[in-house]
1. What pairs can you find where one residue is in segment 99-124 and acidic (D, E), the other is surrounded by fewer than 22 Cβ atoms within 10 Å (Cβ to Cβ), and their Cβ atoms are less than 8 Å apart, with a gap of 6+ or different chains?
2. Going residue by residue through segment 48-68, is there one that turns out to be touching a Pro at 6+ places or on another chain (Cβ under 9 Å), at pLDDT below 90 and not in a helix (DSSP H, G or I)?
3. Find the residue count for segment 21-66, including only residues that are open to solvent by less than 70 Å² (accessible area, probe 1.4 Å), touching a helix residue (DSSP H, G or I) at 6+ places or on another chain (Cβ under 9 Å) and without any contact (Cβ under 8 Å) to a residue 12 or more places away in the chain.
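The values are calculated or read from the model by the stated rules, or taken from the named source; none is laboratory data. Source: prediction; values computed, not measured. FYI the Cβ positions are ideal-geometry reconstructions off the backbone, even for glycines, and counts take in every protein chain you see. Note: areas computed on protein heavy atoms with side chains; ligands, DNA, RNA excluded. Shrake-Rupley method; radii C 1.70, N 1.55, O 1.52, S 1.80 Å.
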Amino acid sequence: MDAQGQESFREFVANRSPALLRVAVLLSGGDRHAAEDLLQNALIKAAGRWHRIDEPEAYVRQVLYRQQIGRWRLRWPQREVVVPEAPEPSPVRGAGDGSGTEAAELRVVVRRALSRLTARQRTVLVLRYFEDLPEAEVARQLGCSVGTVRSTTHRSLARLRMIAPELRALNVGAEPGQPGCSPVEVHP
């Protein structure tokens, strides 16, 4: 990589790493260390091909998704964490209570619920709702059929509602663009 390429790569990393790390945290189920590893590996791959990449952010996101797919395939039997007793759900306060904590509480609830999904379920939900990709694009990104994306999304949302029933009141999981859809932003 020449000096100009190194400079543009450094600039890309400095400017886009926070947003890419948020995606990696969601993909890794809230495990920040695993997310940092995921992002670091994606950036290493991007650095080696930097002069050939037309859209760096799209390339790095694609590598993140593919690496996450590889992780869930390698660790298939260890997909779920078994806990002796289910934690008590924390109630989500109504909007406008003035405390300013409802958004933070919602992020914690969503992050905990996502961490209890399988890596495949989490990846589909992150691509579909956090990245706001259409089903066809999610299928293309993951290398599967649109039907697989739909069924995985349906099962993932059902499990999410079971894990965190307090999200039901917010209508989390409604299809994007439909009435009652509450976009939920989760920041690491």
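1. E102/V92; E102/R93; E102/G94; E102/A95; E105/S90; E105/V92; E105/R93
2. Checked segment 48-68: no residue is touching a Pro at 6+ places or on another chain (Cβ under 9 Å), at pLDDT below 90 and not in a helix (DSSP H, G or I).
3. 2
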